[in-house]
Amino acid sequence: MFEKRAQTPVELRNYSTYYLIFSGILFLATVWSVWDEVITRRPWKDYQNEYNRLLVAKLTEKRLEALNTIDSSEVVRLGNELAAARAAKESVEYREAVDKKDTLLRDLDIATREWRFARSRSDAAYYTYQKAIKEGRDAAREKAVVDKHDADIEQYFKEMEDLNKQIAALDETINRYRDEVMRLEVEHAALFSEVSALDLKLERARRAPVQIRQVVLNDFEFTPFQEIKARVDRCQTCHAGWAEPLMEDAPHPFAQHPLPELLSAHNPETFGCTPCHRGQGPALTVGFAHGYEDKFWETPLLKGVDVYATCNTCHSSESVLKHATPFTKAKQLIMENGCYGCHGVKGYDDMPKIGPPLNELLAKTTPEWIYSWVKEPHDYNPNSRMPSFEFTDEQAEAVTAYLVSISQESTYRPMRARGTYAGGSGAAGKRIFETVGCVACHVVGGNTTVRDARGTSYDIAPELTRLGSKVNPDWLFDWVKNPRNHNPEARMPSLRLTDAEARHIVAYLMSLNDTNAPDRRTLDLANPEKIAQGDRIIREYGCAGCHTIKGMENEGKVSVDLSDFGRKKVEQMDFGNTRELRKGSDVEYQENPDGTVSLLRTWSAWVYGKLKNSRLYKTDRIDQKMPVYNFSEEEIKLIRMFLLSMTRDVPLPTYQRTFDKRQQEIETGRRLTMRYNCMQCHNIEDRGGYVVPIYEEEAMGPPILTASQGAKVQEPWLYSFMKSPSTIRPWLDIHMPTFPLTDDEVTIVTKYFLGLSNQDLKLRDYSATPIDQKYFDPGRRLFETYQCARCHPSGPVRAGELTAAELAPDLTMAANRLKPEWIIDWLEDPQALQPGTRMPTYFFDGQGPDRTIFDGKADEQIQALKTYVWSLGRRQQTAQR
């Protein structure tokens, strides 16, 4: 065919068939490409149209609600009055005043013009007059001309003054009518102000263009080659209602952002969405935008609690974020469980060990108990932070042998020699234990109120339900009296117990015995080979990461560094033999068509399985040494979120939170207060206060340490109180214990509270605060009028007056304890400083209730009250001298 065609002259060849076929193909391809561009690849147009329709519907509904809330009788009244006021403008008096004013304005315009012309003529004549004088000529004629023009100026000026007076008189009449109409129009507009605002929003919604909404961050991050690269973000194209309060309950993608309070610092119009939520910013279809349909996209959209993982990108140095509770809880889990003991974790290099030292165990307990604890700690305490290493009997015996061997070398001696403890009253000990504050950290029996308030699967301090079968009474007496006698770095504080109180508590705790049958295994603890084996096991499993162990002070971390774990590829993760699992397995799975269940081979599934059962992926050739924790489902997801946040990807400094000196001091204080478990008793930064639920009245528990604490108390008083706590609320059973804080640690706590109050540590002599006698007597009268001493007693409280929960601190301590400026802030608005306080607010809108003192001026009365309260403490100090 081609040979025959080649012989045909060009001018005789026919290409019409080919042209038709290819033209048809081109036409179909064009139709398909247009369809794909306009319809298939543009679902965002439908989203925006649907959003606008939904917004118009909600605004219309809101407008109708606003109309229904308007008082119809008020509308009628204002309408009638407005109609009458407008009709009054047709009266003879008003029309004559307007017409006369118009005539006078024309006359004023003429007079003003003539006055200006007269001034111009006067200036010209004056120039001629001065010229004649300089030329030595007779200037009498020129002077006469000047005088004539000046007379004209005065005449026209008087005319103008007279006309202005007449116009002003007419304005009074005219404005009386006009002002009444304007007043009624303003009232009418105010009545419909909400409706008018909604009308404006409706107009904008109806005219809203359908378009791609794009944010470009030109300098957000680096490429792998350390070059600055831009980030394109088009999420708002579909998520159009992120800032619209009316869309709070709307379905996705039209819903308002669930945390609108965050948007002031993370405005999507300038910051975008993908820095926090991840996803594929430039994409415009759901699958690709969320990153699930692009198998090569490494940062798909975060879901659920994982959304908070990106907080660590800019806030890696902070352990508390106000509006990110899951982020705060996740970091608390990492710190309280000591993950940094075995793993390198960015930002946790200098954290203290979470476990007690193991060098003197024989002074405390028996080898048999040590063995059973090492073998399976959760058999003794299911809520212990100590994980299970699933040691064999032989391994547990070897570890016990090593710990016993180093304990025998201990030089520790309790305050009382072994066997010399004199017992106390168990009933009295139970009362003391439950009142002085022991229950804030320790659980006994079924009293799990504090544990439930914490919401963790573990206790922050050991459960004492079976303590009598664990320790000997001499060691326990020594520990209760002075924990640092046994462990110089102990976190447990001293409760300042007398010997009798300590004996009673020991008697109570020693009565709490283990009802389980003890392990009768005979232990070979003196065998050098066993001891050497225990040494190797302890080093291999990284026990020194949490505990101080003699001879292992310089041991390194035994497991992988987690600082970039969030970027680890699933291809790098070994799932072991967990290919097919039983239905109901604790790891994430999917059901297959044949009825089997397969483990999801994803990053999230691997981490979930590892945290649920660290030995899940163990095989004959791959050993697993990570211990098994008893984490709850919530804790596993929070820790997984934290691991997802562990990346070395950080944005440029422009987008990072500035970690300045004050922020560093706050973070150091947070970690110190967490180490000493201050949050068990006190609510600090809206978290903690776990002991409060055991009291019927919240006021009977430890006080809330609000963010204004640094602005409240004097630095010298805080130092002395932290060193040696004094009684502030003597009616409370629970009392502040004595923590073994060094001077540096007290300074850290002080700077922490000052930082939360946006203040700096500085030298100040509070005793030099003057007492202005001008305010003393008025302050005393106000103090008596408001009966301040009724709630703030300075001596014994009379029975039946107030309950203990209604009492407040003695104000005679104010001059030595409180900052004078804080007293003023407190009196102005107590609720602003401590929401929920029982302290009433006396001063509203700049006025005090008693108008006879300083004419009721609030600022003067507050100053007077502060002065008198300050004088109470000063007089007490003088009397003590």
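The values are calculated or read from the model by the stated rules, or taken from the named source; none is laboratory data. Given the structure is predicted, the values throughout are model-derived calculations rather than measurements. Ideal geometry is used to build each Cβ from the backbone, glycine not excepted, and the neighbour counts take in all protein chains shown. Accessible surface is based on the protein model in full, side chains and every heavy atom, while ligands, DNA and RNA are left aside. Shrake-Rupley method; radii C 1.70, N 1.55, O 1.52, S 1.80 Å.
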Inset, instruction - Find the residue count for region 94-120, including only residues that are open to solvent by 90 Å² or more (accessible area, probe 1.4 Å) and either without any contact (Cβ under 8 Å) to a residue 12 or more places away in the chain or under 16 Å from E172 (Cβ atoms) (or both). - result: 8
Inset, instruction - Quickly run through region 311-349 and pick out the residues that are in a helix (DSSP H, G or I), buried (at least 19 other Cβ atoms within 10 Å of the Cβ) and under 11 Å from the mean Cα position of the chain (by Cα). - result: P326, F327, T328
Legend entry - Filter result for N577 (open to solvent by 20 Å² or more (accessible area, probe 1.4 Å) and modelled with pLDDT of 90 or more): no
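Among the listed residues W44, W35, which satisfies the condition of being in contact (Cβ under 8 Å) with a residue 12 or more places away in the chain, over 30 Å from K165 (Cβ atoms) and in a helix (DSSP H, G or I)?
Of W44, W35, the one residue that is in contact (Cβ under 8 Å) with a residue 12 or more places away in the chain, over 30 Å from K165 (Cβ atoms) and in a helix (DSSP H, G or I) is W44.
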Inset, instruction - Could you grab the pairs with beta carbons closer than 8 Å, sequence gap of 6+ or different chains, first residue in region 70-92 and closer than 16 Å to R176 by Cβ, second one of a type in the set (K, R) and surrounded by 13 or more Cβ atoms within 10 Å (Cβ to Cβ)? - result: K89/R178
Legend entry - Counted residues, region 457-476 - those being in a helix (DSSP H, G or I), open to solvent by less than 20 Å² (accessible area, probe 1.4 Å) and either among the small types (G, A, S) or out of contact with any helix residue (DSSP H, G or I) (no Cβ under 7 Å at 6 or more places or on another chain) (or both): 2
Inset, instruction - Residues being under 35 Å from the mean Cα position of the chain (by Cα), of a type outside the set (A, V, I, L, M) and open to solvent by 80 Å² or more (accessible area, probe 1.4 Å): count how many of those fall in region 553-568. - result: 2
Inset, instruction - Within region 696-711, count every residue that is under 20 Å from the mean Cα position of the chain (by Cα), in contact (Cβ under 8 Å) with a residue 60 or more places away in the chain and open to solvent by 40 Å² or more (accessible area, probe 1.4 Å). - result: 1
Inset, instruction - Check Y51 against each of (1) of a type outside the set (S, T, N, Q); (2) open to solvent by 60 Å² or more (accessible area, probe 1.4 Å); (3) at pLDDT 90 or above and name the one condition it does not meet. - result: (2)
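So, in region 127-156, exactly how many residues are of a type in the set (V, I, T) and closer than 23 Å to T112 by Cα?
First, the residues of region 127-156 that are of a type in the set (V, I, T): 128, 133, 145-146, 153.
Filter once more, keeping what is closer than 23 Å to T112 by Cα: 145-146, 153.
Adding up the residues that qualify gives 3.
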Inset, instruction - Please work out if A289 is open to solvent by less than 30 Å² (accessible area, probe 1.4 Å), under 27 Å from the mean Cα position of the chain (by Cα) and of a type in the set (A, V, I, L, M, F, W, C). - result: no
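Residue by residue through region 830-840, note down the ones that are assigned to a loop (DSSP other than H, G, I, E, B) and over 19 Å from D810 (Cα atoms). Spell out the reasoning first.
Keep residues of region 830-840 that are assigned to a loop (DSSP other than H, G, I, E, B), which gives 834-840.
The answer is P835, G836.
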Inset, instruction - Output yes when any residue across region 213-231 is touching a residue at least 40 places away in the same chain (Cβ under 8 Å), farther than 24 Å from K346 by Cβ and either of a type in the set (G, A, S) or not in a loop (DSSP other than H, G, I, E, B) (or both), and no when none is. - result: yes
Inset, instruction - Just name the residue that is surrounded by the fewest Cβ atoms within 10 Å (Cβ to Cβ) out of those in region 679-688 that are over 16 Å from the mean Cα position of the chain (by Cα) and touching a residue at least 24 places away in the same chain (Cβ under 8 Å). - result: Q680
Legend entry - Contacts under 8 angstrom Cβ, first residue in region 127-145 being outside any helix (DSSP H, G or I), partner open to solvent by 60 Å² or more (accessible area, probe 1.4 Å), 6 or more apart: A139/I133
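Taking region 368-379 as the region of interest, how many residues are of a type outside the set (D, E) and open to solvent by 30 Å² or more (accessible area, probe 1.4 Å)?
Residues of region 368-379 that are of a type outside the set (D, E), as a first pass: 369-375, 377-378.
Next, from what is left, pick out any that are open to solvent by 30 Å² or more (accessible area, probe 1.4 Å): 369, 372-373, 375.
Final tally of qualifying residues: 4.
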Legend entry - Positions within region 694-710 being in contact with a helix residue (DSSP H, G or I) (Cβ under 7 Å, 6 or more places away or on another chain), of a type outside the set (G, A, S) and over 18 Å from W731 (Cα atoms), in sequence order: T706, Q709
Inset, instruction - Evaluate region 11-27: report whether one residue or more is β-branched (V, I, T), open to solvent by less than 70 Å² (accessible area, probe 1.4 Å), modelled with pLDDT under 85 and over 60 Å from the mean Cα position of the chain (by Cα). - result: no
Inset, instruction - Identify the single condition in (1) aliphatic (A, V, I, L, M); (2) open to solvent by less than 40 Å² (accessible area, probe 1.4 Å); (3) farther than 30 Å from E489 by Cβ; (4) at pLDDT below 90 that L732 does not satisfy, given that it satisfies every other one. - result: (3)
Inset, instruction - Read through the list (1) over 20 Å from the mean Cα position of the chain (by Cα); (2) within 24 Å of K58 (Cα to Cα); (3) crowded, with 19+ Cβ neighbours inside 10 Å, then give the number of the only condition that G281 fails. - result: (2)
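Which residues, taken from region 807-829, are outside any helix (DSSP H, G or I), under 14 Å from S708 (Cα atoms) and open to solvent by less than 30 Å² (accessible area, probe 1.4 Å)? Give the steps one after another, and end with the answer.
As a first pass, look at region 807-829 and keep what is outside any helix (DSSP H, G or I): 807-810, 818-819, 829.
From what's left, under 14 Å from S708 (Cα atoms): 818-819, 829.
L818, K819, listed by residue number.
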Inset, instruction - Report the residue count in region 246-270 for those that are of a type in the set (G, A, S), open to solvent by 80 Å² or more (accessible area, probe 1.4 Å) and either modelled with pLDDT of 90 or more or under 22 Å from V286 (Cβ atoms) (or both). - result: 0
Inset, instruction - Sort out which residues of region 228-245 are closer than 23 Å to R53 by Cα and open to solvent by less than 50 Å² (accessible area, probe 1.4 Å), and write them in order of number. - result: C235, Q236, T237, C238, A240, G241, W242, E244
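Has region 293-303 got any residue that is in a helix (DSSP H, G or I) and touching a residue at least 12 places away in the same chain (Cβ under 8 Å)?
no
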Inset, instruction - May I ask you to verify whether L763 is in contact (Cβ under 8 Å) with a residue 40 or more places away in the chain and within 26 Å of Y868 (Cα to Cα)? - result: no
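Filter the helices (runs of 4 or more DSSP H) completely within region 603-710 down to those with at least 1 residues that are within 24 Å of P835 (Cβ to Cβ). Let's see the steps before the verdict.
Working: elements: 603-612, 633-645, 661-675.
In region 603-710, 661-675 are the helices (runs of 4 or more DSSP H) which contain 1 or more residues that are within 24 Å of P835 (Cβ to Cβ).
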Legend entry - Yes/no for T223 being over 23 Å from A309 (Cβ atoms) and not basic (K, R): no
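Could you count how many residues in region 841-874 are in a loop (DSSP other than H, G, I, E, B), surrounded by 12 or more Cβ atoms within 10 Å (Cβ to Cβ) and not acidic (D, E)? Break it down into steps so the answer makes sense when it comes.
Applying the first criterion (in a loop (DSSP other than H, G, I, E, B)) to region 841-874 yields 841-843, 845-846, 848-853.
This time we only want the ones that are surrounded by 12 or more Cβ atoms within 10 Å (Cβ to Cβ), so: 841-843, 848-850, 853.
From the residues that got through so far, the ones that are not acidic (D, E) too are 841-843, 848-849, 853.
Here the count works out to 6.
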